[in-house]
1. Return the distance in nm (one decimal) between the two label points of a simple spin-label model at V280 and T214, each offset 7 Å from Cα along Cα→Cβ.
2. If you fit an axis through the alpha-carbon atoms of helix 143-164 and take the longest principal axis of the Cα set of the chain, what angle between them do you get, 0 to 90°, nearest 10?
3. Taking every DSSP beta bridge that has both residues in region 37-298, what percent is antiparallel when rounded to the nearest 5?
4. Would you pull out the residues with amide H under 5 Å of T167's amide H, same chain only if 5 or more places away, H placed 1.01 Å from N?
5. Return the aspartates and glutamates within reach of K151: Cα separation strictly under 15 angstrom, same-chain partners fewer than 8 residues apart disregarded; answer none if there are no such residues.
6. Quick check for me: using +1 on Lys/Arg Cβ and -1 on Asp/Glu Cβ, what's the dipole size of the chain about its Cα centre, in debye to the nearest 20?
7. With labels modelled as points extended 7 Å from the Cα through the Cβ direction, what inter-label distance (nm, one decimal) is found for Q257 paired with A182?
8. What FRET efficiency would be calculated for the residue pair K155, H49, taking the C-beta separation as r and a Förster radius of 41 Å, to the nearest 0.05?
Amino acid sequence: MLSQSHPVTRRKFLQQVGLVSTVLAGTSLTAFAAEKPYPIAAFEKALQHLPPEQMADLLAELGFMGVATPVRPKGRVLPERVEEDLPKLVEVLAKRKLEVTELTTNINDAADPLAQKILRTAAKLGLKRYRMGPWKYDLNQPIAAQVEAKKPMVKDLAALNRELGLTAVYQVHSGANYFGAAIWDIYQLFKDYDPKQMAIAFDIRHATVEGGTTWELNFNLIKSHLGLVYAKDFTWQGKKAQNVPLGEGMVNPKFYQMVKASGYDQPVLLHVEYPLAEDVKTLKEAYRKDLATLRGYMEGRA
């Protein structure tokens with residue numbers, strides 16, 4: 001407490017308080033500090049040919065907060081070497097203040113010894129999330145029966161995730177025989193499980209390809225089990241969907257404001273998957289441009 005015997009100090013203090021009060025009366029607190037940017041991570045598939053340090057430097061410099069890294073055949077980390085190579089990668093990223101937002105895997109069977117190896121290594125490193133491998137339908141067989149057949153696998157995977165403190169996310173993917181393309185099937189399997197164990201990665205590019213105008217309905221269906229959001233774009237070339245830079249295609253930007261309004265509190269993963277030269281300058285510019293577009297979407301500047 002200021003002493004009454006120091007009138008000058010007290011006067012100055014009261015003047016400062018009055019000034020601050022006057023400013024606050026006409027200005028919101030956000031004027032004093034810019035809103036913290038929404039967390040955005042990068043899928044590094046397009047950067048796999050770069051050494052880990054160079055990949056990490058590039059993404060950190062651009063302002064990403066994390067990395068989704070492939071742990072699968074031909075990935076950054078080969079499954080059989082996960083115990084040796086994943087800790088090294090985590091260390092490289094941590095030095096650049098980057099986290100592993102997702103391990104992109106082919107895992108969908110908890111009994112698979114290699115899957116166990118990957119997931120137990122991830123848990124020891126404090127990682128929290130991995131993307132499952134895709135399932136495909138046999139279109140010559142009854143569809144409903146194939147959905148039922150997946151239930152024991154989901155149950156076993158959920159139990160392993162609960163034990164290890166991990167979350168599996170299944171990507172919504174387009175394609176005539178892809179499980180999850182229609183959305184209802186993956187929701188039907190996951191809806192009775194804790195989303196901390198079994199969740200859905202909503203890929204707006206693929207959801208738009210398959211859903212056209214019903215992607216919004218599908219997003220609302222799976223919100224309770226939304227584990228990750230993937231950002232990418234496409235255009236139609238004849239009857240084929242072609243990936244393009246963010247903002248140059250068919251994806252409706254209002255999706256990203258819907259994500260924020262839903263209470264989603266995880267990073268959005270930017271996927272740069274359209275054709276690019278592999279030189280660093282070209283790749284860096286593509287990630288930079290798409291990141292700027294995505295930030296605009298998340299801030300409502302679409």
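Coordinate-derived values only; no laboratory data. This structure is a prediction, so every number in the text was calculated from the model and none was measured. Ideal geometry is used to build each Cβ from the backbone, glycine not excepted, and the neighbour counts take in all protein chains shown.
1. 4.8
2. Taking Cα atoms only, the helix is inclined about 50 degrees.
3. Numbers: 6 of 34 bridges.
If we restrict to bridges inside region 37-298, about 20 percent are antiparallel.
4. Amide H neighbours of T167: R129, Y130.
5. Straight-line reach from K151, under 15 Å: D109, D185, D192, D194.
6. For this selection, approximately 900 debye.
7. 3.3
8. 0.60
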